[in-house]
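The values are calculated or read from the model by the stated rules, or taken from the named source; none is laboratory data. As the structure is a prediction and not an experimental result, all values here were calculated from the model. Cβ: placed from backbone, ideal geometry, glycine included. Neighbour counts: every protein chain shown.
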Amino acid sequence: MKITELIENTDSLPPAPEVLPKLVEIMKDPDTDSADIVDLIQTDPAVMADVLKLSNSGAYSPTSPVTDLNDAVALLGVKEVYKIVNLVTSGEYLDGALPSMDIRKGGLWEHSLAVALVMDIIAKDLTDLEGLPYTLGLLHDIGKILLHHGCGEDYTKVFKIVETERLSIEKAEDKALGFDHADAGATILEEWNFAEEVCIPIRYQYHPQEAPKFKELAGALHVANWAAAVIGCNDGRDAWALEMDSSVFSMEEAALEMAIIEAKIKLEKAKKALETN
Amino acid sequence: MSGAPSLPSFFQQKVVVGVGDVAVSNNTNVVISTFALGSCVGIVVYDSAMKVGGLIHIMLPDSTLSPDKAQKQPAMFADTGIPLMFRNLMGLKAERTRMKAFVAGGASVISGSDMFKIGERNIAAVKKLINTLGITVVKADLGGVNNRTVHLNVGTGEVSLKTPIGNSKFSLA
């Protein structure tokens, strides 16, 4: 099977997101102001409604109700509104269960949010594009959804390879299918017109040293994926079948463990706020 | 009355232990559970004479990383959490000599530097502390590449262990 066939055959995914790829793009422009962001979000009423709903949730507890996007940006700031668009968009894709991978409903989204929160801490100095580490975390595993829908129970072959040959998940996927979930994810993100700052680190998250650009971001994503597992957010069979490479991005052990603790606290707060939303 | 729940299951209460948390109980209707034990290590302890049990879900081996965090959430670290759990168990009249323990978790990556082998470091820290306290470990399920879920029935001492590749049940009574 080829990735393109996999994507063509996947009609069970929600339609391509319109707002988020454009939002990433306009955030790259230093002349972008809050009015540009509001104008863009307003083009999608569903996203706008979700942004307003989350802006009024316990996660932000605004002093007065947020009734329009201008209020949201004024009260919460551009970066928080950007994060909310990321959350509501990714939730559309990531919330479902992936039984072929033993991932429960909500498990992939929780994992992705944990990776986003770790990225926000460990990768914030690696890019001028504020919010990019968070986006990378939330979207890094989107390829798993394609593999689940495209392969179904056939995905068990991957686990058999992991368990008999002691290979990492992405190597086993590559052996069974000819590509891995990082390739599949990056390919669909390219098709959805996401910037290369998003697609390249996601494609190279398991072998960051091979990334033609944004190596350190790919390396940080590699580490953040593992860190999310440490705080108990890595659902699925053979979830620890990872081969870790710290040659591109490295941190002091103590600093990394502190980042993990900080992300865990932020995740608990975010989950509480989302549950009560 | 076929299909009706039996009395114990009707009154059964569930206590969920999160990452870096601990619970002990002498309520025989309680089932203590923890989910998603990955590199974390879980210790289940039971004193069948008193029907007292406890479960801790440790995330990191050593509290010297952050004494401040250890004070707020001692069960996050092996060296502060394990003594706390045993103090709490003894507060419910459990006796150290009668306690039986099951240890699970400590999953680890296939390869990588020591920094990424938190599971192995957690296992080493837990083994050392359990030995120092002189607790009998009757069963362990450690390492590997899978997450684990553990339940302890405080009324019976029965433990169930679930992983994506299989389930098992045994008793600590």
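Structure summary
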item	result
Residue check for B:GLY134: away from chain A (no Cβ under 13 Å) and either touching a helix residue (DSSP H, G or I) at 6+ places or on another chain (Cβ under 6 Å) or farther than 29 Å from A:ASP102 by Cα (or both)	yes
Residues within region A:195-205 that are crowded, with 24+ Cβ neighbours inside 10 Å and not β-branched (Val, Ile, Thr), tallied	4
Residue list for region A:218-260, filter: farther than 24 Å from A:VAL198 by Cα, facing another protein chain (nearest Cβ under 7 Å) and surrounded by fewer than 19 Cβ atoms within 10 Å (Cβ to Cβ)	A:GLU253, A:ALA254, A:MET258
Any hit, region B:49-72, residues being over 28 Å from A:ASN225 (Cβ atoms) and without any contact (Cβ under 8 Å) to a residue 12 or more places away in the chain	yes
Qualifying position, being in contact with a helix residue (DSSP H, G or I) (Cβ under 6 Å, 6 or more places away or on another chain) and either within 24 Å of B:GLY119 (Cβ to Cβ) or not polar (S, T, N, Q) (or both), among A:GLY178, A:GLY232, A:GLY219	A:GLY219
Breaking point among (1) at pLDDT below 95; (2) crowded, with 22+ Cβ neighbours inside 10 Å, for A:HIS140	(1)
Selection status of B:ASP141, without any contact (Cβ under 8 Å) to a residue 40 or more places away in the chain, among the charged types (D, E, K, R) and at the interface with chain A (Cβ under 10 Å from one of its Cβ atoms)	no
Residues being outside any loop (DSSP other than H, G, I, E, B), hydrophobic (A, V, I, L, M, F, W, C) and in contact (Cβ under 8 Å) with a residue 60 or more places away in the chain - total across region A:155-188	7
Test set (1) under 20 Å from the mean Cα position of the chain (by Cα); (2) in a helix (DSSP H, G or I); (3) loosely packed, with under 12 Cβ neighbours inside 10 Å - A:SER12 fails condition number	(2)
Region B:146-173, subset of a type in the set (Ser, Thr, Tyr) and part of a strand (DSSP E or B), residue surrounded by the most Cβ atoms within 10 Å (Cβ to Cβ)	B:THR163
